[in-house]
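The values are calculated or read from the model by the stated rules, or taken from the named source; none is laboratory data. What you see is a predicted model; the values in this text were computed from it and never measured. Don't worry about glycine lacking a Cβ; one is built from the backbone with ideal geometry, like all the others, and counts go over all protein chains shown. Note: accessible area is taken over every heavy atom of the protein model, side chains too, but ligands, DNA and RNA are not part of it. Shrake-Rupley method; radii C 1.70, N 1.55, O 1.52, S 1.80 Å.
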Amino acid sequence: MTPPTDSLTLLSPFNIGDLTLKNRVIMAPLTRSRAGVERMPNHIMAEYYAQRAGAGLIISEATVISKQGIGWLNTPGIYSDEQTKAWKEVVDAVHAKGTPIFLQLWHCGRASHSSFQENSQLPVSASAVILNEEYIHTPIGKQPYETPRALETEEIPEVLEDYRQAAVRAKAAGFDGVEIHGGNGYLIDQFLQSKTNHRSDRYGGSLENRFQFLKEIVESILTVWPSHRVGVRISPNGAFNDMGSPDFRENFLYVAKQLNNYGLGYLHIMDGLEFGFHELGEAMNLAEFREVFSQALIGNCGYKKETAEAAIQSGNADLIAFGRLYISNPDLAERFANNWPLNSLPDMKIWYSFDPEGYIDFPTYQ
């Protein structure tokens, strides 16, 4: 029997398929740039995630599926046997605390630079539309963005295979599932949105065609993982990486409705506006997605304990992901459970520094 929603709290257990989460506090994916130039998971990453295993579910930092997908300094990959083996230490450390962990699969698309790419090739995207921001941090310092190269239709199966192989490797590393990163202006989002997708092939034009790339990625990954072990993340309100399309509401409700056909573990929606808002209409909210998506919904971005509880009690969210609060509060779920005060938010300059400081040295309450 399902308990009445007013008795549900952030700390109630929740089932995603056959996975039982001890609470509804999710550790959001957080790019922290501690994997070194080799993009290799390591001991301090294992310690970092294990410290935060009070969460009901941990979603790993964005992890590139291929060398072509790289667009950030010192972020981890899942495209080699060595990386796969190195991830096992992280997964084992989290599992030792009784917590499941999903790997977030990432391709930066145009949010990259030729200095990250093999043979200094241009980054790829849905279309040759430049990211209109001041600069990108690259291996050769701050650089202006370059106009990306549109992926050729016949190249797309190679990218789909990179996603599938990454899902295979995630399983080999012991992860409990995968999250497809379809938000924040990265490659999938570049295909989904009319702002960045000006294609004339079967991957461009109509809502249906722009969804096709994500659809084929989902279907390729479902050959590796059962559907309830796969989640998708979208950011319908986001302006990050120069995104935001006039048809955003129609577009993302269509995406959610189509994803509902797959029986996925969850849809992870960055509904909050803390990460920037494109201001092209009224912000989308979880209630709109609840009408078209029947599996678990994760709300994310700027939630506090009180707003998270309200979203769960309203029935609009099943789970709430916390990002920035998890940086400085490794025991965030325990603090919520005991009403302990939170550590203050850390200075942004340590978010992506390459050091153990500002990463694994935040105190727990006790």
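So here's what we get for this one:
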quantity: Value at 222 nm in deg cm²/dmol, rounded to 500, when DSSP H runs of n ≥ 4 in the chain each add -39,500 (n - 2.57); calculated: -8000 deg cm²/dmol
quantity: Too-long pairs where the Cα-Cα distance tops 26 Å, listed order kept, from Lys195/Lys257; Lys67/Lys171; Lys85/Lys215; calculated: Lys85/Lys215
quantity: Under 18 Å from the Cα of Lys88 - aspartates and glutamates, other chains or at least 8 residues apart; calculated: Glu38, Glu47, Glu61, Asp176, Glu179
quantity: HN-Hα J in Hz across segment 214-229 - Karplus 6.51, -1.76, 1.60, θ = phi - 60°, x for Gly and Pro; calculated: 4, 4, 6, 5, 4, 5, 5, 6, 6, 7, 10, 10, x, 4, 6, 9
quantity: Hull volume in cubic angstrom per residue (convex hull over the Cα atoms of segment 1-70); calculated: 121
quantity: Test item: Cα-centred dipole of segment 123-256, Lys/Arg +1 and Asp/Glu -1 on Cβ, debye; calculated: 300
quantity: Euclidean distance between Cα centres, segment 133-152 to segment 244-287, Å; calculated: 26
quantity: Centre separation in Å (Cα based) which lies between segment 100-132 and segment 214-238; calculated: 19
quantity: Per-residue HN-Hα couplings for segment 83-92 [Karplus 6.51, -1.76, 1.60; θ = phi - 60°; Hz; x = Gly/Pro]; calculated: 5, 4, 5, 5, 5, 4, 4, 5, 4, 4
quantity: Descending semi-axes in whole angstrom, ellipsoid equivalent of segment 94-248, from the Cα gyration tensor; calculated: 26, 19, 15
quantity: Reach of Lys142 by Cα under 13 Å, taken over aspartates and glutamates that are not fewer than 8 positions away in the same chain; calculated: Glu133, Glu134
quantity: Rounded to 5, the percent of DSSP beta bridges in the chain classed as antiparallel; calculated: 15
quantity: Which label in (1) 32, 25, 19; (2) 34, 28, 21; (3) 29, 24, 20 gives the computed semi-axes √(5λ) of the Cα gyration tensor in Å; calculated: (3)
quantity: Solvent-accessible area per residue, Å², over segment 210-270 with all protein chains present [probe radius 1.4 Å]; calculated: 27
quantity: Heavy atoms of Arg335: accessible area, 1.4 Å probe, square angstrom to 10; calculated: 10
quantity: All aspartates and glutamates inside 17 Å of Lys349 as judged from Cα atoms, apart from same-chain residues fewer than 8 positions distant; calculated: Glu357, Asp361
quantity: Mean projected area (nm²) of the alpha-carbon convex hull when segment 230-363 is viewed from all directions; calculated: 9.3
quantity: For segment 21-156, share of DSSP beta bridges that run antiparallel, in % to the nearest 5; calculated: 25
quantity: Listed residue (Leu131, Gly141, His107) projecting farthest to the positive dipole end of segment 100-160, Cβ model; calculated: Gly141
quantity: Ordering of 342-349, 354-361 by burial proxy (mean other Cβ atoms within 10 Å per residue, highest first); calculated: 354-361, 342-349
quantity: Dipole of the chain, positive end: most advanced residue of Pro41, Pro341, Ala287 [Cβ charges, Cα centre]; calculated: Pro341
quantity: Relative contact order (percent, whole number), segment 245-324, Cα cutoff 8 Å, 6+ residue spacing; calculated: 31
quantity: Relative contact order, percent, segment 299-340 [alpha-carbon distance under 8 Å, six or more residues apart]; calculated: 39
quantity: Segment 71-148 shape via C-alpha gyration tensor axes, a/c threshold 1.5; calculated: prolate
quantity: Size of electric dipole in the chain: Cβ of Lys, Arg +1 and of Asp, Glu -1, about Cα centre, debye, nearest 20; calculated: 400
quantity: Segment 74-197: relative contact order in percent, alpha carbon pairs under 8 Å with at least 6 residues between; calculated: 34
